[in-house]
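The values are calculated or read from the model by the stated rules, or taken from the named source; none is laboratory data. Not measured: the values here are computed from a predicted model. Here the Cβ positions follow ideal geometry from the backbone for every residue, glycine too, while neighbour counts run over all protein chains shown. Accessible surface areas use protein heavy atoms only, side chains included; no ligands, DNA or RNA. Shrake-Rupley method; radii C 1.70, N 1.55, O 1.52, S 1.80 Å.
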Amino acid sequence: MDRYRSLVLIPILVLSFFGAACATNPATGQHQFSLMSEDQELQIGQQQDVEVRRQMGVYADPATQQYVSDIGVRLARESERPNLPWHFTVVDVPAINAFALPGGYIYVTRGILPFLADEAELACVLGHEVGHVTARHAAQQYSKSMGAGIGVLLGSIFVPEARPFGQLAETGLGAVMLKYGRDDEIQADELGVRYAARGGWDPAAMPRMLTTLGRIDEETDDKGVPNWLLTHPSPENRIGRVQAAVQQAETTAPPGVTNHDVYLEHLDGIVYGDNPEQGVVRGSMFLHPSLRFAIEFPPGWDVNNGQSEVVAKEPGVNTFMILQPMPRPVGRGIEDAAVQSMQRAGFRALDGEETTVNGLPTFIATYQGTVQDLGRVRLRAAHIVHEGRVYLVAGLAPLALYEPHEPAFSQAIGSFRPMTRGEAEAVRPSRVNVYAARAGDTWQSIADHMSHGVIKAATLAIMNTHAIADEPRPGERLKVVV
């Protein structure tokens, strides 16, 4: 009986498999490979939404959240899948990006909002991500991962697990969000144009938005956060292809709005860069007012405040410093905990001593091991105990570069110190303000006098959709960082 039942079930399971594998793309009507039903899309989206919120945080401004959600819902109603339980969330990270999960879960980072010129550009960003869901690109990418046996849990691939020197090339917001091919990206652009135009926004905002985001990498030397182009490939003909969709939309929909001034009003006061609750970078300094400590990395190094670690890198050289919280040792002294932790990470201790750093119990040692893409390396590492937590502060370099860099590593380690309550309370986030330009203003003068080095002049010009060689016009309403 059981054998007969199994024989009956086999063709049913096969038919179910092929039914899922040959799903229809709702946005195009074409058949496409997918191992995921709509119910499975919803389940995965719900599960991974919890992980995204936990890992990245939700920007704590109800007015901003409502504004973005209202625009997203309007777009979703114009899509081919209006009945999905759509969710639109601003996540609290400074990266310049947006992404989507199957089932209608769309996210924009806090960091992308200052680089959009108006509400129409925001609608195009959201519409692009809606397009990835309606065309089932997100589900298809997850299906490919399932077929390859990789698994689909976002938590395991979105933010790398904290481990010493495990992801030096992919710090901060991981570059492992779902990545789409050229055809999928172009189709999402075209769908975003379609939804924006149907919703009443200017569809020409799409190429303008793509141009601005493309300039961030091309025209500045800002480092530290993966931006839109890192996870949204930009083929040479992408902007040209979307222009055709814009022209078509303009012939089938009434003229759209940009709502520039409305957008500026909603943007005024938004946090820019690091949120003090997760620590902030100020030049070569890293300050964490919530955990009450500060450290100064070597001058001129690029400092990236990631989700699970802070990494500083010397420009143009494969030398790094890392700051990372470690598990609290149980039943062992700081020396045993440090050496065993580094051994598990593949590093052998060459020397070591217990000491103090600015009054904090510390074990400092030199280690040697191998790091992917760097080969044999040596590092100077300190495990520092502060307010019941253990922090790893270490400098790492290939063997040939270690000796000349060791003094800088040791100096940075020695700069780790507790912050007083007054110092911690004085750390405030940088914010975007709307400012009317005055005669004689330049991007450099605004960056110097208002931003105090938080944002570079070139980035400020791009944020305001100006060529870097242009200067602001007197009376022009600008986005500045204060």
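For the stretch 296-310, the candidate set comprises residues that are without any contact (Cβ under 8 Å) to a residue 40 or more places away in the chain and either in a loop (DSSP other than H, G, I, E, B) or open to solvent by 30 Å² or more (accessible area, probe 1.4 Å) (or both); within that set, the residue that is nearest to residue 417 (Cα to Cα) is 299.
Restricting the stretch 261-279 to residues that are farther than 14 Å from residue 111 by Cα and modelled with pLDDT under 95, the residue that is nearest to the chain's Cα centre (by Cα) is 278.
Looking only at residues in the stretch 454-466 that are assigned to a loop (DSSP other than H, G, I, E, B) and modelled with pLDDT under 95, the one that is surrounded by the fewest Cβ atoms within 10 Å (Cβ to Cβ) is 456. In the stretch 112-131, what residues are surrounded by fewer than 24 Cβ atoms within 10 Å (Cβ to Cβ) and among the small types (Gly, Ala, Ser)? Once the filter is applied, which keeps residues that are surrounded by fewer than 24 Cβ atoms within 10 Å (Cβ to Cβ) and among the small types (Gly, Ala, Ser), the stretch 112-131 yields only 117.
For the stretch 419-430, enumerate the residues that are under 29 Å from the mean Cα position of the chain (by Cα) and surrounded by fewer than 16 Cβ atoms within 10 Å (Cβ to Cβ). Those that are under 29 Å from the mean Cα position of the chain (by Cα) and surrounded by fewer than 16 Cβ atoms within 10 Å (Cβ to Cβ): 423, 425, 426, 428, 429.
Being open to solvent by less than 30 Å² (accessible area, probe 1.4 Å) and in contact with a Lys or Arg (Cβ under 8 Å, 6 or more places away or on another chain) is the requirement here; does residue 293 meet it? Considered against the rule, which asks whether it is open to solvent by less than 30 Å² (accessible area, probe 1.4 Å) and in contact with a Lys or Arg (Cβ under 8 Å, 6 or more places away or on another chain), residue 293 comes out as yes. For the stretch 244-260, a residue qualifies if it is buried (at least 16 other Cβ atoms within 10 Å of the Cβ) and part of a helix (DSSP H, G or I), and the qualifying residues are 245, 246, 249, 250. Of the residues that make up the stretch 414-429, is at least one more than 19 Å from residue 311 (Cα to Cα), modelled with pLDDT under 95, of a type outside the set (Val, Ile, Thr) and assigned to a strand (DSSP E or B)? No, every residue in the stretch 414-429 fails to be more than 19 Å from residue 311 (Cα to Cα), modelled with pLDDT under 95, of a type outside the set (Val, Ile, Thr) and assigned to a strand (DSSP E or B).
Among the criteria (1) in contact with a Lys or Arg (Cβ under 8 Å, 6 or more places away or on another chain); (2) open to solvent by less than 10 Å² (accessible area, probe 1.4 Å), the one residue 416 does not fulfil is (1).
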